[in-house]
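These notes concern the structure reproduced below.
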Amino acid sequence: MPVIPIRVVDAGSTRQRKREAPKGRRVDPQALQQVRALLGDAPRRGDLLIEHLHKIQEACGHLSTAHLAALAQEMRLPQAEVFEVASFYHHFDIVREGGQAPAALTVRVCDGLSCEMAGARDLLARLPGLLGSEVRVIAAPCVGRCEQAPAVVVGQNPVAPASAGLVQAAVAAGETRHPALGFVDYIDYEAYRAAGGYALLQDCMAGGRDVEAVIRALEDSGLRGLGGAGFPTGRKWRIVRAEAGPRLMAVNIDEGEPGTFKDRVLLERDPHRFLEGMLVAAWAVGVEAIYIYLRDEYHGCREMLAQEIETLRQELPTNALPAIHLRRGAGAYICGEESAMIESIEGKRGMPRLRPPYVAQVGLFGRPTLEHNFETLFWVRELLEKGGAWFASHGRNGRKGLRSFSVSGRVRQPGLKLAPAGISVRELIAEYCGGMAEGHAFYAYLPGGASGGILPASMGDLPLDFDTLQPHGCFIGSAAVIVLSDHDTAVGAARNMMRFFKDESCGQCTPCRNGTAKALALMAQPQWDRGLLADLSAVMRDASICGLGQAAPNTFDCVTRYFAHELA
């Protein structure tokens with residue numbers, strides 16, 4: 001064992017050891033040089049840790065422990081902190097000393113419910129043999145392309161709807177990056193301005209509109225948060241505006257709920273409508289900086305959005321824009337929860353925070369924060385131009401407003417459907433989706449993605465909106481409607497969803513971490529122990545820190561309540 005030299009300090013009886021090197025893993029000079037080259041002139045702030053991890057991962061294909069140690073030294077962070085953040089996110093591949101690096105190319109096959117119904121299991125079985133040992137084929141949670149199921153991501157290039165032949169061709173051609181500007185139909189800055197875009201923002205900035213009138217218009221419209229929680233938008237603006245500055249804003253485009261893809265589709269079509277709504281909100285609340293959190297699977301959207309934001313900076317007066325920071329996730333469903341997203345933006349593990357204090361009071365970097373889903377901001381311009389009464393005039397079955405439904409599964413025409421709030425799933429299928437797919441009969445549906453529960457076709461006339469499904473043990477959430485047919489079972493759908501929740505639990509609290517694992521084990525049995533599942537449901541709902549653990553029991557609770565015949 002080597003002898004460590006010590007220096008005796010004459011301070012009474014106190015003795016201190018002075019190490020020749022810092023604690024922890026010694027930093028490899030070559031790895032340090034590589035990390036410095038990859039980071040370039042970028043700041044070494046702690047909140048940029050995940051961004052810097054992405055740079056290393058993309059350049060090297062993985063994260064070696066030598067690179068992690070070098071990054072820790074370069075950013076003046078503890079090595080343990082860098083490692084725990086890197087190991088938290090699915091898209092970072094850590095290779096320990098002496099370990100084998102993953103294949104140069106990774107092919108991710110979505111095994112979400114919509115993709116499973118469309119043949120994902122067959123792809124997972126066939127692709128390893130077709131692509132060979134130089135390509136890693138792995139199952140992945142929902143990648144946000146449910147309307148194009150089955151979806152496969154080759155490197156960063158989505159292939160959807162995918163077949164074994166199309167994936168093989170993409171690999172052979174080296175098509176591993178998403179075509180950044182491949183959205184030929186999207187409305188760019190010039191086209192948006194030509195159609196009257198940013199006139200609303202400029203009117204606000206010039207004093208043509210009063211903040212109070214703008215907030216009141218949103219309150220009159222009844223617009224609620226469209227990310228899942230449904231908090232009234234106007235009220236949220238008032239709450240954050242009343243907090244002492246400086247105030248910040250966080251925009252959630254993580255969109256990881258299985259079955260959800262509406263934000264991606266809208267972003268691909270009309271990015272500036274969202275950006276203008278975002279800037280109007282920042283003006284009304286008095287926001288100094290905006291952080292946009294975009295899920296990592298939306299590579300092409302990220303590059304397109306970065307370009308359009310840069311164009312916006314060049315074209316609009318500087319004083320009209322707060323600082324806009326575009327941050328990317330790294331494969332963690334939990335970061336769709338607002339406080340977990342804020343932790344991730346700060347460069348940490350996406351662990352939900354205990355509340356109170358709430359994000360509106362103590363959010364990003366300890367400042368009052370206006371947190372919004374993408375689609376909520378997408379509606380702001382139209383609502384303010386046409387008036388809250390216009391939005392409230394739409395709706396069915398006693399409900400008000402419009403909703404963007406992500407519809408996937410056994411329908412003839414899946415996709416994003418703009419429909420009246422309160423429409424029933426039966427009406428949605430018949431009027432907007434061309435009916436059920438050929439040879440399929442309507443059997444059941446998930447009204448709000450993985451978290452929203454499962455209902456039988458006999459309850460297909462319930463209004464799809466906030467507060468209408470809770471009495472039946474479900475909720476609409478982000479309006480991700482997955483349609484099942486007589487070819488499927490609710491038990492199979494529930495098992496798929498519980499596998500997802502088990503894998504995506506952040507592990508912070510025992511009821512969720514152990515509860516999802518225990519529930520999946522019980523649900524894997526031919527005969528379910530309904531009493532034990534009921535007890536487990538109560539504990540998870542009452543004691544989990546965030547919505548993941550609280551909503552996960554919806555899957556098996558709905559099966560035991562509405563599909564008991566499948567368990568007989």
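The values are calculated or read from the model by the stated rules, or taken from the named source; none is laboratory data. The structure displayed is predicted, hence computed values, not measured ones. No Cβ is skipped: glycine too gets one built from the backbone with ideal geometry, and neighbour counts run over all protein chains shown. Side chains included, ligands, DNA and RNA excluded: accessible areas come from the protein's heavy atoms. Shrake-Rupley method; radii C 1.70, N 1.55, O 1.52, S 1.80 Å.
The set of residues from segment 344-376 being of a type outside the set (A, V, I, L, M, F, W, C), outside any loop (DSSP other than H, G, I, E, B) and within 17 Å of the chain's Cα centre (by Cα) comprises SER344, GLU371, HIS372, ASN373, GLU375, THR376. Filtered by the rule that a residue be farther than 18 Å from ASP111 by Cβ and assigned to a helix (DSSP H, G or I), segment 491-510 gives a lone residue, THR510. Criterion first (surrounded by 24 or more Cβ atoms within 10 Å (Cβ to Cβ) and at negative phi) does GLY388 satisfy it? No: the conditions fail for GLY388.
Candidates ASP465, ASP461: the one that is within 26 Å of the chain's Cα centre (by Cα) and part of a loop (DSSP other than H, G, I, E, B) is ASP465. Among the residues making up segment 63-100, those that are assigned to a loop (DSSP other than H, G, I, E, B) and open to solvent by 40 Å² or more (accessible area, probe 1.4 Å) are ARG76, PRO78, HIS90, ARG96, GLU97, GLY98, GLY99, GLN100.
Pairs linking a residue in segment 380-405 that is of a type in the set (Ser, Thr, Tyr) to a residue that is outside any helix (DSSP H, G or I), with Cβ atoms under 7 Å and 6 or more positions apart or on different chains, are SER404/LEU416; SER404/LEU418; SER404/ALA479.
Within segment 480-517, restricting attention to residues that are among the hydroxyl-bearing types (Ser, Thr, Tyr) and farther than 12 Å from LEU113 by Cβ, which residue is surrounded by the most Cβ atoms within 10 Å (Cβ to Cβ)? Per the stated criteria, the residue is THR516.
Residues in segment 230-253 that are in contact (Cβ under 8 Å) with a residue 40 or more places away in the chain and small (Gly, Ala, Ser): 4 in all. Counting only helices (runs of 4 or more DSSP H) wholly contained in segment 114-224, the ones carrying 1 or more residues that are at pLDDT 95 or above and farther than 30 Å from GLY234 by Cβ occupy 120-131, 164-172, 189-194.
Residue count for segment 64-102 under the criterion of being farther than 25 Å from GLU504 by Cβ, in contact with a strand residue (DSSP E or B) (Cβ under 6 Å, 6 or more places away or on another chain) and modelled with pLDDT of 95 or more: the result is 1. Of all residue pairs spaced 6 or more apart or on separate chains, those with beta-carbon atoms under 9 Å, a first member in segment 408-428 that is at positive phi and a second member that is of a type in the set (Ser, Thr, Tyr) and in a strand (DSSP E or B) are GLY409/TYR445; GLY409/SER485; GLY415/SER406; GLY415/SER408. Sort out which residues of segment 203-219 are open to solvent by 10 Å² or more (accessible area, probe 1.4 Å) and either in contact with a Gly (Cβ under 8 Å, 6 or more places away or on another chain) or of a type in the set (Ser, Thr, Tyr) (or both), and write them in order of number. Hits for segment 203-219 are ARG216, ALA217, GLU219. Scanning segment 388-412 for residues that are of a type outside the set (Phe, Trp, Tyr) and under 26 Å from GLU116 (Cβ atoms) returns ARG403, SER404, SER406, VAL407, SER408, GLY409, ARG410, VAL411, ARG412. Specify the residue that is most open to solvent (accessible area, probe 1.4 Å); the eligible residues are those in segment 413-443 that are in contact with a helix residue (DSSP H, G or I) (Cβ under 9 Å, 6 or more places away or on another chain) and closer than 17 Å to ALA118 by Cβ. Ranking the qualifying residues of segment 413-443, first place goes to GLN413. Checking each residue in segment 213-254 for being under 22 Å from TRP390 (Cα atoms) and polar (S, T, N, Q) picks out SER221, THR233. For segment 344-367, residues that are touching a residue at least 12 places away in the same chain (Cβ under 8 Å), closer than 18 Å to LEU248 by Cβ, open to solvent by 70 Å² or more (accessible area, probe 1.4 Å) and in contact with a helix residue (DSSP H, G or I) (Cβ under 9 Å, 6 or more places away or on another chain) total 4.
Within segment 145-158, is even one residue over 18 Å from GLY61 (Cβ atoms), in contact (Cβ under 8 Å) with a residue 12 or more places away in the chain, basic (Lys, Arg) and open to solvent by 20 Å² or more (accessible area, probe 1.4 Å)? Yes - at least one qualifying residue is present in segment 145-158. Here the condition is being touching a helix residue (DSSP H, G or I) at 6+ places or on another chain (Cβ under 9 Å), part of a helix (DSSP H, G or I) and either open to solvent by 80 Å² or more (accessible area, probe 1.4 Å) or more than 28 Å from ALA340 (Cα to Cα) (or both); of LEU532, LEU536, LEU520, it holds for LEU532 alone. Entry remark, segment 444-464: residues being open to solvent by 10 Å² or more (accessible area, probe 1.4 Å) and closer than 19 Å to LEU418 by Cβ number 1 in total. Just one of the numbered conditions (1) crowded, with 19+ Cβ neighbours inside 10 Å; (2) within 30 Å of PRO414 (Cα to Cα); (3) among the aliphatic types (A, V, I, L, M) is not true of ILE545: (2).
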